Amino acid sequence: PTQCDNWVRTSNGGHFASPNYPNMYPPNQECIYILEAAPRQRIELTFDEPYYIEPSFECRFDHLEVRDGPFGFSPLINRYCGLKSPALIRSTGRFMWIKFTSDEELEGKGFQAKYSFIPDPDFTYLGGILNPIPDCQFELSGADGIVRSSQVEQEGKTKPGQAVDCIWTIKATPNAKIYLRFLDYQMEHSNECKRNFVAVYDGSSSIENLKAKFCSTVANDVMLQTGTGVVRMWADEGSRLSRFRMLFTSFVDPPCSGNTYFCHSNMCINNSLVCNGIQNCAYPWDENHCREKRRSGLFEQITRTHGTIIGITSGIVLVLLIISILVQVKQPRKKVMACKTAFNKTGFQEVFDPPHYELFSLRDKEISADLADLSEELENYQKMRRPSTASRCIHDHHCGSQASNIKQSRTNLSSMELPFRNDFAQPQPMK
């Protein structure tokens with residue numbers, strides 16, 4: 001802001017005047033004064049005599065412009081000019097913006113104004129006593145750090161339902177400046193700066209050091225020219241959902257020394273901030289090509305695709321294992337009944353084991369006679385087998401008293417070497 005001539009500030013107020021007051025003010029002047037009161041206070045502005053500003057229709061030429069707020073686009077209270085001093089002017093908030101303008105012709109004596117601070121009637125209670133202002137201040141320092149509004153509630157600086165008016169003071173490293181970048185920003189009532197905003201000051205919290213003020217839907221990065229930054233957040237009772245999170249980084253101007261890193265954006269940061277997982281430069285040069293420098297852990301080596309395949313395979317194996325267990329549990333068990341009477345297992349096995357045969361071919365006529373003799377022996381064997389009680393005992397599953405017959409039959413059967421079928425006929429002569 002452009003200031004003209006003297007401006008007196010005190011804890012209770014002060015005064016300011018047009019250039020050369022009470023003498024004639026010079027032409028082509030533009031002086032801006034921004035008044036700021038303490039929280040829960042308002043501003044009263046009065047004018048002394050003599051007072052003279054070039055009169056004009058709607059004060060189009062020389063004039064004094066007063067606005068209710070800290071900016072040139074704040075609501076206009078009025079424009080003043082002429083021979084008569086304005087009446088008492090009051091603000092509706094903590095700020096008042098004033099601009100004096102003179103053109104090339106017809107100068108006058110100008111003005112002198114006095115301002116004072118009064119309690120805000122919106123915060124008065126029984127007996128006219130103001131509620132105590134909560135001590136909501138924080139301090140941060142170092143190469144980098146996070147400024148966050150959630151710290152207010154975590155440390156109990158304000159009570160639920162109360163307005164938030166907090167200040168964060170940032171101290172950079174020696175001989176360094178400060179770079180601020182918003183990580184998260186949301187105003188509950190966007191574009192309503194009277195209800196909620198985030199302001200950034202360069203050097204101190206004085207209104208003339210105001211660097212930027214954000215109350216819309218977007219907040220930009222801020223480069224401070226000093227090593228001290230002040231961040232202030234205001235949110236009234238109905239804007240408690242407003243929030244922000246900001247990264248501050250200490251930097252120095254190029255050329256960069258041995259312990260600093262060049263950010264390619266007219267700033268050098270400490271080497272400890274390179275590849276730390278946070279973008280400290282205005283552009284992400286400090287976090288590019290960092291994969292080779294960092295040793296990846298086990299979970300970083302397993303990609304998302306590999307993890308998905310491993311998970312699906314493990315699930316299928318687990319389901320199959322559960323199904324196999326259920327099938328084994330529910331499968332009925334077979335009951336085996338055995339005869340308790342002891343018998344010779346070796347002999348019993350010989351009865352039922354089929355004999356081994358060898359293949360042969362009929363090559364001459366002598367084999368035909370041998371087959372005829374074999375047929376007669378088989379018929380005799382069949383006659384002996386019919387009256388046998390051993391086969392009947394085995395077939396009917398009887399045991400005990402007839403074990404001797406089984407042994408005798410086994411002896412007879414063992415003497416026979418070719419249990420062929422008994423339906424052999426006389427073979428035809430070989431041709």
Legend entry - Per-region count, segment 65-122, residues among the aromatic types (Phe, Trp, Tyr), touching a Lys or Arg at 6+ places or on another chain (Cβ under 8 Å) and part of a strand (DSSP E or B): 2
Inset, instruction - Scan (1) assigned to a strand (DSSP E or B); (2) of a type outside the set (Lys, Arg); (3) in contact (Cβ under 8 Å) with a residue 60 or more places away in the chain for the single condition Ala212 breaks and write down its number. - result: (3)
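Yes/no matrix, rows are residues, columns are (1) surrounded by 11 or more Cβ atoms within 10 Å (Cβ to Cβ); (2) modelled with pLDDT under 85:
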{"site": "Cys263", "(1), (2)": "yes, no"}
{"site": "Ile269", "(1), (2)": "yes, no"}
{"site": "Arg294", "(1), (2)": "yes, yes"}
{"site": "Thr305", "(1), (2)": "no, yes"}
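Among Gly128, Gly161, which is the only one that is within 24 Å of Gln41 (Cβ to Cβ), at pLDDT below 85 and assigned by the TED database to the domain that holds Asn175? Write out each step before concluding.
Values: Gly128 fails: assigned by the TED database to the domain that holds Asn175.
It is Gly161.
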Legend entry - segment 133-153: number of residues that are open to solvent by less than 40 Å² (accessible area, probe 1.4 Å), out of contact with any Leu (no Cβ under 9 Å at 6 or more places or on another chain) and either among the basic types (Lys, Arg) or not in a strand (DSSP E or B) (or both): 5
Inset, instruction - Mind listing just one residue for me: the one in segment 216-226 that is open to solvent by less than 30 Å² (accessible area, probe 1.4 Å) and not β-branched (Val, Ile, Thr) and, of those, farthest from the chain's Cα centre (by Cα)? - result: Leu224
Legend entry - The one condition in (1) charged (D, E, K, R); (2) more than 30 Å from Asn191 (Cα to Cα); (3) at pLDDT below 90; (4) in contact with a strand residue (DSSP E or B) (Cβ under 8 Å, 6 or more places away or on another chain) that Arg94 fails to fulfil: (2)
Inset, instruction - Considering only segment 91-123, state which residues are under 57 Å from the mean Cα position of the chain (by Cα), surrounded by 15 or more Cβ atoms within 10 Å (Cβ to Cβ) and acidic (Asp, Glu). - result: Asp120
Legend entry - Pairs with Cβ under 9 Å, 6+ apart, first in segment 307-328 and assigned to a helix (DSSP H, G or I), second open to solvent by 90 Å² or more (accessible area, probe 1.4 Å) and not charged (D, E, K, R): Gly307/Phe299
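Which residues, counting only those in segment 90-121, are among the aliphatic types (A, V, I, L, M) and on the phi > 0 side of the Ramachandran plot? Reasoning before the result, please.
Kept after step one, since they are among the aliphatic types (A, V, I, L, M), are these residues of segment 90-121: 96, 98, 106, 113, 118.
Within segment 90-121, just Leu106 meets the criteria.
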Inset, instruction - Tell me which of these Thr10 doesn't satisfy, since it passes every other one: (1) surrounded by 14 or more Cβ atoms within 10 Å (Cβ to Cβ); (2) without any contact (Cβ under 8 Å) to a residue 24 or more places away in the chain; (3) hydroxyl-bearing (Ser, Thr, Tyr). - result: (1)
Legend entry - Per-region count, segment 185-209, residues touching a Phe, Trp or Tyr at 6+ places or on another chain (Cβ under 9 Å), closer than 16 Å to Leu247 by Cα and open to solvent by less than 50 Å² (accessible area, probe 1.4 Å): 4
Legend entry - Count - residues of segment 222-233 that are touching a residue at least 60 places away in the same chain (Cβ under 8 Å) and farther than 21 Å from Gln151 by Cβ: 0
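Filter segment 236-258 for residues that are under 21 Å from Gly93 (Cα atoms), outside any helix (DSSP H, G or I) and not charged (D, E, K, R) and give the result. Give the derivation first.
Step one: of segment 236-258, the residues under 21 Å from Gly93 (Cα atoms) are 236-240, 242.
Applying the additional criterion that residues be outside any helix (DSSP H, G or I) yields 236, 240, 242.
Within segment 236-258, just Ser242 meets the criteria.
The values are calculated or read from the model by the stated rules, or taken from the named source; none is laboratory data. Predicted model only: the values in this text are computed from it and were never measured. Positions of Cβ are generated from backbone atoms using ideal geometry, with glycine treated the same way; all protein chains shown enter the neighbour counts. The area values use the complete protein model at the heavy-atom level, side chains included, leaving out ligands, DNA and RNA. Shrake-Rupley method; radii C 1.70, N 1.55, O 1.52, S 1.80 Å.
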